[in-house]
Amino acid sequence: MSEIVGIKFRNTGKTYYFAPNGEQFSVGDGAIVETSHGVEYGNVVLTNREVSDDSIKELKPVLRKATEADEAHRKEQFAKRGNALKTAQELAKKRNLDMKFADVDFSFDDSKVVFYFTSEHRIDFRELVKELAANFRMRIELRQIGIRDECKLKGGLGPCGRVCCCNDYMEDFERVSIKMAKHQGLSLNPTKISGLCGRLMCCLKFEDEYYADTLKFMPKPNSEIDTPKGVAKVDSVDVLRQTVVVKLPLDEEGYELKEYTLSELGITPVYPDRCAACAANSEEDGDDGDSDEIPSEE
């Protein structure tokens, strides 16, 4: 067994795992760690715990708990972000570069600054990098990101009135398709199923598995099924309540709408046992049902 601690470098970023190096951490503690990008400051989101050696890759150790001086230095770096973005945007505009800067990160040891920007085109920013390096007197890195990544970095309120999921708690983007909106019977009007980024809303993915599995045994609209009152045509289905509204013929021209539950129609819901493998891994590893593979820091 190996002891780990989970650390995030951004509120909306992934959780990376390190060896606690004999330290005991609480959620929210600051930690100084060595990463492939240099020395960084992160916040503990997962306290000390043991996991099986098979479920982890090679871990780097935590260098130390963050001190008050470390906390103060990090706050100073955050305070500089606004001016850094403004400076970078002004320099890009002066060179007529079609770039929109979204965020900036200072490495904890002040050896490097990373600027994130969006653009519809490939940008030759070699001269801009030189000018930024002369201005900030540290190594400069520019990373072009997509529109969804910009929304994840900046955040905002979605159409539902809540903070965007990608900025609030999602660690990774998952593939979202228009088929998911169709499964849920939503309007296919782009303005109603798109998020702040202009792409399909991430939340379409959350319940899609349930809708896709349930629709497999729900009667299709306009199909004919047997009911307690005879053969009828399906008018609509309610996937969440698992009910079916049918048209029962009364005479040559009229019909009656009648709602039935699946049990009344003799339909037994059958769902695939998607958690069987996860439960087996959880019992074997004793990791409280978490993923059976824990990534190390990138």
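The values are calculated or read from the model by the stated rules, or taken from the named source; none is laboratory data. Since the structure is predicted, the reported quantities are computational estimates derived from the model, not experimental observations. In this analysis, Cβ positions are derived from the backbone assuming ideal geometry, glycine residues included, and neighbour counts consider all displayed protein chains.
Count of segment 13-23 residues, restricted to those that are surrounded by fewer than 18 Cβ atoms within 10 Å (Cβ to Cβ) and either among the hydrophobic types (A, V, I, L, M, F, W, C) or within 23 Å of Asn167 (Cα to Cα) (or both), is 3.
With respect to the conditions (1) in a loop (DSSP other than H, G, I, E, B); (2) within 24 Å of Glu150 (Cα to Cα); (3) hydrophobic (A, V, I, L, M, F, W, C), Ala79 falls short on a single one, namely (1). Condition test on Ile145, is it touching a Leu at 6+ places or on another chain (Cβ under 9 Å), surrounded by 14 or more Cβ atoms within 10 Å (Cβ to Cβ) and farther than 26 Å from Ala72 by Cβ? So Ile145 fits the description; yes. Under the condition of being outside any loop (DSSP other than H, G, I, E, B), free of Cβ contacts under 8 Å to residues at least 40 places away in the same chain and β-branched (Val, Ile, Thr), the residues counted in segment 10-44 number 1. Among the residues of segment 2-9, none qualifies, meaning not one is at positive phi and touching a residue at least 60 places away in the same chain (Cβ under 8 Å).
Scanning segment 124-178 for residues being part of a loop (DSSP other than H, G, I, E, B) and hydrophobic (A, V, I, L, M, F, W, C) gives a total of 8. If you go through segment 45-72 and keep only what is free of Cβ contacts under 8 Å to residues at least 60 places away in the same chain and polar (S, T, N, Q), you end up with Thr47, Asn48, Thr67.
Just for segment 179-228: of the residues that are surrounded by 12 or more Cβ atoms within 10 Å (Cβ to Cβ) and part of a strand (DSSP E or B), which one is farthest from the chain's Cα centre (by Cα)? Taking the candidates together, the pick is Thr227. Taking into account only those residues within segment 243-264 that are among the charged types (D, E, K, R) and not in a loop (DSSP other than H, G, I, E, B), which is modelled with the lowest pLDDT? Of everything passing the filter in segment 243-264, Glu256 is modelled with the lowest pLDDT.
The condition (being over 22 Å from Leu153 (Cα atoms) and outside the structural domain of Gly42 (by TED's automatic domain parsing)) is satisfied by just one residue among Phe117, Phe136, Phe78, Phe106: Phe136. Scanning segment 26-76 for residues that are in contact with a helix residue (DSSP H, G or I) (Cβ under 9 Å, 6 or more places away or on another chain) and over 15 Å from Phe9 (Cβ atoms) yields Val51, Ser52, Asp54, Ser55, Arg64. Residues in segment 98-112 that are within 18 Å of Asp149 (Cβ to Cβ) and buried (at least 17 other Cβ atoms within 10 Å of the Cβ) were compared, and the one that is farthest from the chain's Cα centre (by Cα) is Met99.
How many residues are under 19 Å from Asp98 (Cβ atoms) and surrounded by fewer than 18 Cβ atoms within 10 Å (Cβ to Cβ) when one looks only at segment 113-129? Steps first, please.
Residues of segment 113-129 under 19 Å from Asp98 (Cβ atoms): 115-129.
So of that shortlist, the ones also surrounded by fewer than 18 Cβ atoms within 10 Å (Cβ to Cβ) come out as 118-124, 126-127, 129.
Total satisfying the criteria: 10.
Just to be sure, is Ala133 touching a strand residue (DSSP E or B) at 6+ places or on another chain (Cβ under 9 Å) and loosely packed, with under 15 Cβ neighbours inside 10 Å? So Ala133 passes the test.
Yes or no, residue by residue, for (1) among the aromatic types (Phe, Trp, Tyr); (2) surrounded by 16 or more Cβ atoms within 10 Å (Cβ to Cβ); (3) at pLDDT 85 or above; (4) within 27 Å of Ala133 (Cβ to Cβ):
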{"residue": "Phe25", "(1), (2), (3), (4)": "yes, yes, yes, no"}
{"residue": "Ser52", "(1), (2), (3), (4)": "no, no, no, no"}
{"residue": "Thr87", "(1), (2), (3), (4)": "no, yes, yes, yes"}
{"residue": "Asn96", "(1), (2), (3), (4)": "no, no, yes, yes"}
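Here Thr47 fulfils each of the conditions (1) closer than 30 Å to Tyr17 by Cα; (2) part of a helix (DSSP H, G or I) apart from (2).
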